[in-house]
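S.K.: Below: one structure in structure tokens.
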Amino acid sequence: MKNLFKTYYKAKISFWNAFSTEWNAIKNDKAVITTFFSVAILILVVYTYIYSNQVVTEVPVAVVNQDASKMSRDYTAMLDATEGTKVISTYTDLQEAKVAYYSKKVMGIVIIPKDFEKNIRSGMQTSITTFSDASNMIFYKIVLGDVSVINGYYSAGIAIKRQMAKGISFDQAKQNYTPIQAISTSLFNTSAGYATYMIPMLTALIVQLVLLMGIGILGGSRREEKSTHKHFPRLLHKGGTIPVLLAKACLYTAIFVVIIPIQIGIVYTLFSIPVRSSLFVVYLFLVPYIFSVVFLGIAISSFFKRREDSILFLVLLSVPSLMLSGLSFPKEGFSGLYQLISKIIPSTPGITGFVKLTQMEASFMEVLNEWNHLWLLAFLYFIIASMTLKIKSKNEKYNKRKVSY
């Protein structure tokens, strides 16, 4: 019992010494302070401001009206009245419209064919040709979507008028044309805003990026000075890495207890991004996320010889983390190998759970799988960080003795 109390007392002292040592290192390093506070907040503000319009509207479109009839002008007016597209100009010649398209004055071309009205009145099928830039998926979707909607409404109007000409009532003609009524309801992101989709994912990704950069800079500095064993003397004792690692993880968690409310409490409110969860539940979910990222950062930082190396490495790491997070492409579309790699990166379950909580109004039980996944990663990286930190301390102490001799 006495030995147990003695071990606990030493671990407690080591924990608080490591906590204060790491905090002093953060306070005294301007690069780390900038990384933790300025980058974590400013990056989010800048990106949120860029996408603050949420939805792209009035995409410029050129209409090539080869018919010049009343019906073709009505069709053009209906297209211009949509929220997504705006008819910049009408052309009678396709070549003129192509010049406007390639000079980026318009993002799509709609061709109304000759004899458009004549074919409709005679009951013949006619066609509307649409050209849209598929290299930009947002413009492509808006132009193609609005043209499809107008085609549907215009066709419905023609069919209903023909039935009404036969003496059928408007309601009956409408029911005959659309026997099945489709009711579409947008869940969660009701405005289909791009910022509402992207910013919550980016918030969770910034947490990982900022933590890894800060820890990498401090780890690189200590590697340059060969001071890890000096700052944390109990690392070389049995079980000495446990209180040190827990102290670091608790400190960084405490830092984000301050940063997270600024991010989701102030930034989200300023730009009207909804938050559908309590701050306590978000904190509870983020604890294993921060722990896993901290332990991963400590494990990686053991390989940095200079503090600049951490920034270079993390810049290279940020792109795969972004791609594998599901932000740019659904994770379900990855091959088996890349799905496996994505599962060992903390940001993958971290982003999924964070988005479910803040945007989908999920309960904590509904993100329990992601929470357990993060604790598993935290345990895995804790073991790796313990080994790398102990090896690093031993090498520094051995090299220092070798130099003194």
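Where a number appears in this text, it was derived from the coordinates with a stated rule and is not lab data. None of these values were measured; they are calculated from a predicted model. We place every Cβ from the backbone using ideal geometry, glycine too, and count neighbours over all the protein chains shown.
S.K.: What is the antiparallel percent of DSSP beta bridges lying wholly in segment 59-177, to the nearest 5? Let's see the in-between values first.
M.R.: Details: 4 of 14 bridges.
Restricted to segment 59-177, the bridges split so that about 30 percent are antiparallel.
S.K.: Now a separate question. Which parts of segment 96-137 would a label at Lys166 reach, counting a residue when its backbone N lies under 16 Å from a point 7 Å out along Cα-to-Cβ?
M.R.: The answer is 122-124.
S.K.: Continuing with the same structure: Along the positive direction of the dipole of segment 59-177 (beta-carbon charges: Lys, Arg +1; Asp, Glu -1; about the Cα centre), which of Val64, Ala156, Leu79 reaches farthest?
M.R.: Ala156
S.K.: Using all Cα-Cα distances in segment 59-177, what percent lands in each 10 angstrom bin from 0 up to the longest?
M.R.: 14, 42, 30, 12, 3, 0
S.K.: Moving on to the next point. State to the nearest 20 debye the size of the charge dipole of segment 59-177 about its Cα centre, where the only charges are +1 on K and R beta carbons and -1 on D and E beta carbons. Write out the running numbers ahead of the final one.
M.R.: On the way: 14 positive and 11 negative charges, 49 e Å.
In total the dipole reaches around 240 debye.
S.K.: Something else now. Which entries of Lys98/Lys141; Lys98/Lys118; Lys12/Lys238; Lys248/Lys394; Lys141/Lys161; Lys343/Lys394 have Cα-Cα distances beyond 23 Å here? Could you put the intermediate results ahead of the total?
M.R.: Details: Lys98/Lys141 20 Å; Lys98/Lys118 26 Å; Lys12/Lys238 14 Å; Lys248/Lys394 20 Å; Lys141/Lys161 30 Å; Lys343/Lys394 32 Å.
Distance filter (> 23 Å) returns Lys98/Lys118; Lys141/Lys161; Lys343/Lys394.
S.K.: For segment 329-393, what class follows from the C-alpha gyration tensor (a ≥ b ≥ c being the square roots of its eigenvalues): rounded when a/c is under 1.5, otherwise prolate if a/b is larger than b/c, else oblate? It would help to have the intermediate numbers written out before the result.
M.R.: Numbers: a/c = 3.14, a/b = 1.58, b/c = 1.99.
The shape class here is oblate.
S.K.: May I ask you to compute the full-extension gain from Lys238 to Glu83, defined as 0.36 nm times their residue separation minus their alpha-carbon distance, rounded to one decimal in nm?
M.R.: Working: separation 155, 0.36 × 155 = 55.80 nm, distance 6.74 nm.
Result: 49.1 nm gained on full extension.
S.K.: How much length, in nm to one decimal, is gained on full extension between Phe188 and Ser52, taken as 0.36 nm per residue of separation minus their Cα-Cα distance? Let's see the in-between values first.
M.R.: Numbers: separation 136, 0.36 × 136 = 48.96 nm, distance 1.74 nm.
Net length gain for the segment: 47.2 nm.
S.K.: Want the number for Lys105 to Trp16: 0.36 nm per residue separation, take away the alpha-carbon distance, what's left? Numbers along the way, then the final one.
M.R.: Details: separation 89, 0.36 × 89 = 32.04 nm, distance 6.28 nm.
Value of the extension gain: 25.8 nm.
S.K.: Oh, and also: Given +1 on the Cβ of Lys and Arg, -1 on the Cβ of Asp and Glu, and no further charges, what dipole in debye does segment 17-103 carry about its Cα centre, rounded to the nearest 20? Mind showing how you got there, number by number?
M.R.: Details: 6 positive and 9 negative charges, 54 e Å.
Rounded to the nearest 20 debye, it is 260 debye.
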